[in-house]
Each structure stands twice: as C-alpha cells, then as structure tokens.
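For reference, the structure discussed in these notes is given below.
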Amino acid sequence: MAKLSVDNLTKRLDGNEVLENLSFHIEEDEFVAVLGPSGSGKSTLFHLIGGLYTPDEGDILLDGKKINGQKGSISYMPQSPSLFPWRTILENVLLGAELAGKKDPQAALKMMDKAGLKGYEKTYPHQLSGGMKQRAAFIRSLLSPQSLICLDEPFSALDEFTRSEMQRWLLSIWQDNKRSILFVTHNIEEALFLADRILVLSEKPANIIAEFKVGFPRPREEAITLTEEFLQYKKDIYNILKVRTTK
C-alpha cells in the first residue's frame, strides 16, 4: 500500500481551476520531488495534502485513510524555517513531537549533534545562520510523528554554496531516519540529486505531464551532477518544461 495516494484531485480557487484530475502516489520511505513552472499549483497541492484546503473532487489517502480537509496528518516544512523566536533551538526542534505528546529530548540532541548544532541548544533563532535554521526546521519535521514530510522549496532562499551543502546534509540525515518525503522545487538539479522519482507538473490547471525514475544509487555523491546520465536527465526535464511553458 502506498504511503500517500492522490486520486483524481481537482481544486478551483476564485473560479479558476488550479488542479485537474491530478493523481500520483508515494511509497513507504520514498523521496519524491515535484517540479513545475511558477504558478502551476504546487503550493495549492501542499495546502490540500495538509488539510488547509478541501478538494472539490478526488481523494487524498495517507496510510490508506482518507484525509481530505484534515489538518495535522503530515509534517510540513515551508520555505522559511518558521522557528518561534521566543523558544530556544532545542525547544523549537521538539515542538512537533511536544504537540503530539511524544517529546524525546535525547533523540533531538542526537540529531542536533549530527546536524552540526551541538552547543546551540540554548540559543535562539536570531543567533543562527540561514542554513542552521533550516537544519533545525528539518530536524523538527523528522521528530514529528507524522509518516509523511512535505518540504516546500526549503533551500530556495539560501546562496548556492549553502544550498548545495544543505542538500548533501538532508540526504545524510534522511538516509539514517527514512521517512516518505514530498519535495517541491523549481530547481531541476536539486530534484535529480535528491529524489527517487520526479513528477513534472503542467501549467494550470495542473496535471502530471511526465515522471522520471531517478536511477542513481544511494548514498549519493555530488560528483553524479557531472555525469553524462545526470546531464541527460536535466536536458530531458528542461525540454519538457520549456515546451509546455512556451506554447
């Protein structure tokens, strides 16, 4: 049984159809990336899965249970870290687990150590760099009890060097703490480096126009981004997006 199943999902906002008969699935511990042009409905999709919106048609199932319009079913990490400024980094990291009544400070400290945040447990968000804040936010997602994590362009505000470092760090942490992940990005290289599969969305009303199974073995090294296979994937995806957005 798939961890997440999205079946014939349709959503209209202000009379405009944003998603139309959208269907896909995510398997247990699978990392799936969603690529699409700006305004294609990627954020709307996350709002539907997270229960902030209710679909006009279709169903969303998590672990076989229908979650249409239900909040709290997934762990969500937005583009900004969204850390509470009055809570210490450790308190922020523990927030999701705390709300679920499953707080485990020792597990949090262990993850923070691996994330390079050891010694920052009692500091506050304003004292950390952008990359460190994103690490704390992702650890919070991993420590939350939900079985699916949705990541909405979490590295888009970072400079290229920090972004590359964060991608490698994310993979290393995920390898040790496997969860099902749905990752939205505009960056083709990022999707290829991180994901098991890539779903390519059309412009609105959005539907899936292509799917790529990424065959690179794990753990992944940055050197794969220079291989002929990687560059061919990138070219194929780029051409699909270019054709669809220039018609």
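The values are calculated or read from the model by the stated rules, or taken from the named source; none is laboratory data. Keep in mind the model is a prediction, meaning the values are calculated, not measured. Cβ coordinates were reconstructed from backbone atoms using ideal geometry, including for glycine residues, and neighbour counts include every protein chain displayed. Just so you know, the surface numbers come from the protein's heavy atoms only, side chains and all, with ligands and any DNA or RNA stripped out. Shrake-Rupley method; radii C 1.70, N 1.55, O 1.52, S 1.80 Å.
The table below gives the values:
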quantity	calculated
Neighbour cut-off at most 13 other Cβ (10 Å), DSSP loop, trypsin sites (Lys or Arg not before Pro), the range 115-171	118, 122
Total formal charge among the other residues, if their Cβ is under 14 angstrom from that of residue 10, Lys/Arg +1 and Asp/Glu -1	-3
Kirkwood Rh (inverse of mean 1/r, distinct Cα pairs), the chain, angstrom	18.7 Å
Average Cα contact separation per residue, the chain, under 8 Å, 6 or more apart, as relative contact order %	26 percent
Alpha-carbon centroid distance for the pair the range 12-39 / the range 129-182, whole angstrom	20 Å
Whole-number D in µm²/s for the range 69-184 (Stokes-Einstein; Kirkwood sum over Cα pairs; 37 °C, 0.692 mPa s)	232 µm²/s
Å² per residue, accessible surface of the chain at 1.4 Å	48 Å²
Values of log10 I(q)/I(0), in the order q = 0.16, 0.20, 0.22 Å⁻¹, for the range 117-247 under a Debye, Cα-only, solvent-free model	-0.91, -1.30, -1.46
Relative contact order of the range 25-97, pairs being alpha-carbon contacts under 8 Å that are 6 or more residues apart, as %	20 percent
Percent accessible area from carbon and sulfur atoms, the range 1-138, protein chains only, probe 1.4 Å	48 percent
Equivalent-ellipsoid semi-axes of the range 174-247, from the Cα gyration tensor, Å, largest first	23, 16, 9
Accessible surface of the range 170-247, 1.4 Å probe, proportion on carbon and sulfur as whole %	51 percent
FRET efficiency for residue 227 and residue 7, using Cβ-Cβ distance with R0 set to 35 Å, rounded to 0.05	0.45
Proximal lysines relative to residue 118, as straight alpha-carbon distance under 26 Å, when same-chain residues fewer than 8 apart are discounted	102, 103, 110, 133, 178
Kirkwood Rh and Cα Rg combined as Rg/Rh, the range 97-141	0.96
MRE, 222 nm, helices only [DSSP H, n ≥ 4, -39500 (n - 2.57), over the chain, to nearest 500]	-10500 deg cm²/dmol
Sites matching GluC sites (Glu not before Pro) across the range 30-135 that sit in DSSP coil, with at most 16 neighbouring C-beta atoms within 10 Å	121
Top positive-direction residue, dipole computed over the chain with Cβ charges, set 58, 215, 97	97
